[in-house]
Amino acid sequence: MTTGSINILSLRAGVWLGFYALVLLAWWLVYEMARGDSYICGPDVIALLPMGGFWALFPMWAVMMAAMMLPTIIPTLRAYDDLPQPAGAGAAGWIGVVFGYGLVWLAGAGVFAGLQVLALNRGLVDLSGIVASPWVASGLFALAGVWQFSRTKETCQDACLSPIQYFIANWKAGPLGGFRMGVDIGIVCVGCCWAVMALAFVGGVMSLLWMGLATLFMVAEKLPDIGRPLRRPAGLVLLASAGFMAVKALGMV
């Protein structure tokens, strides 16, 4: 193996280590927030709500998005790693993909933070971000369940399941090209996962259990062997959960 090959392998190992370090940092910050010890969204910040508004919640959502969504792009990044170096698939482009993808989900964090502020001001959620009405909870589960059967969900998930085909059809070399592809991939990922993310308002915005289960589900949906077979059964489970909550709200359970 030549010195050049060794340097390329070392650089790839370095960017992967940096990526995993970022994921671990995000989950550590989530853990600190869940304990109430974090300066990002601890008791002092919660006490500012609703007056603190968007800027009190946006950092929390940004960290949550990083912790939950960065692991879901790993199959795509591995597909990028398999592309030939002469085509321009270097470490800089790889990093560009991560930044483009992250930027889209950062925008998503802003949307969810804004929705939480609106819901809080209207009494739909409490200070911890959990919906106050079982009917709203049922509606969110129903929305997530119906989305699993939608054509848009299927199209977005299919794109997530075939990253190598996306790269071949939409290839852009270099760091800027990687960034632009990362934005496209992030938009598709939002289309695939937004409804599940919205269930944070049921499971608890800072609940480690909900975040862990949701992350596991979203990662599984992007694995080629189980992603497609999982979509419709998951939709049925979500719809059944919506029905159970509705029945419970009626006092029949």
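The values are calculated or read from the model by the stated rules, or taken from the named source; none is laboratory data. Remember, it's a predicted structure, so these values are computed and weren't measured experimentally. As a convention, Cβ positions derive from the backbone with ideal geometry for all residues, glycine included, and neighbour counts pool all protein chains shown.
When the range 212-230 is examined, which residues are found to be touching a residue at least 24 places away in the same chain (Cβ under 8 Å) and not in a helix (DSSP H, G or I)? 222, 223, 224, listed by residue number.
Looking at this structure, is residue 18 more than 27 Å from residue 124 (Cβ to Cβ) and either modelled with pLDDT under 55 or not hydrophobic (A, V, I, L, M, F, W, C) (or both)? So residue 18 fits the description; yes. Listed by first and then second residue, the pairs with beta-carbon distance under 8 Å, at least 6 apart or on different chains, first residue in the range 234-253 and in a loop (DSSP other than H, G, I, E, B), second not aromatic (Phe, Trp, Tyr), are 253/247. Checking each residue in the range 85-102 for being touching a residue at least 40 places away in the same chain (Cβ under 8 Å), assigned to a helix (DSSP H, G or I) and not β-branched (Val, Ile, Thr) picks out 85, 87, 91, 92, 93, 94, 96, 99, 100, 101, 102.
Of the residues making up the range 155-164, none is of a type in the set (Ser, Thr, Tyr), under 27 Å from residue 131 (Cβ atoms), surrounded by fewer than 18 Cβ atoms within 10 Å (Cβ to Cβ) and touching a helix residue (DSSP H, G or I) at 6+ places or on another chain (Cβ under 8 Å). Within the range 194-213, identify whether any single residue is over 20 Å from residue 23 (Cα atoms) and surrounded by fewer than 16 Cβ atoms within 10 Å (Cβ to Cβ), and answer yes or no. No: zero hits. Residues in the range 134-156 that are touching a residue at least 40 places away in the same chain (Cβ under 8 Å) and assigned to a loop (DSSP other than H, G, I, E, B): 149 only.
Just to be sure before I move on: is residue 242 modelled with pLDDT of 95 or more and either crowded, with 19+ Cβ neighbours inside 10 Å or among the β-branched types (Val, Ile, Thr) (or both) in the structure I sent?
In short, yes.
Summed over the range 202-211, the residues that are out of contact with any Leu (no Cβ under 8 Å at 6 or more places or on another chain) and touching a residue at least 40 places away in the same chain (Cβ under 8 Å) give a count of 6.
Looking at the range 109-131, which of the residues that are part of a loop (DSSP other than H, G, I, E, B) and not hydroxyl-bearing (Ser, Thr, Tyr) is surrounded by the most Cβ atoms within 10 Å (Cβ to Cβ)? Lay out the reasoning, then the answer.
Quick first cut of the range 109-131, residues part of a loop (DSSP other than H, G, I, E, B) only: 122-124, 126-130.
If we keep only those that are not hydroxyl-bearing (Ser, Thr, Tyr) as well, we get 122-124, 126-127, 129-130.
Details: 122: 10, 123: 9, 124: 15, 126: 12, 127: 10, 129: 24, 130: 17.
Step by step, filter the range 109-131, then rank; the result is 129.
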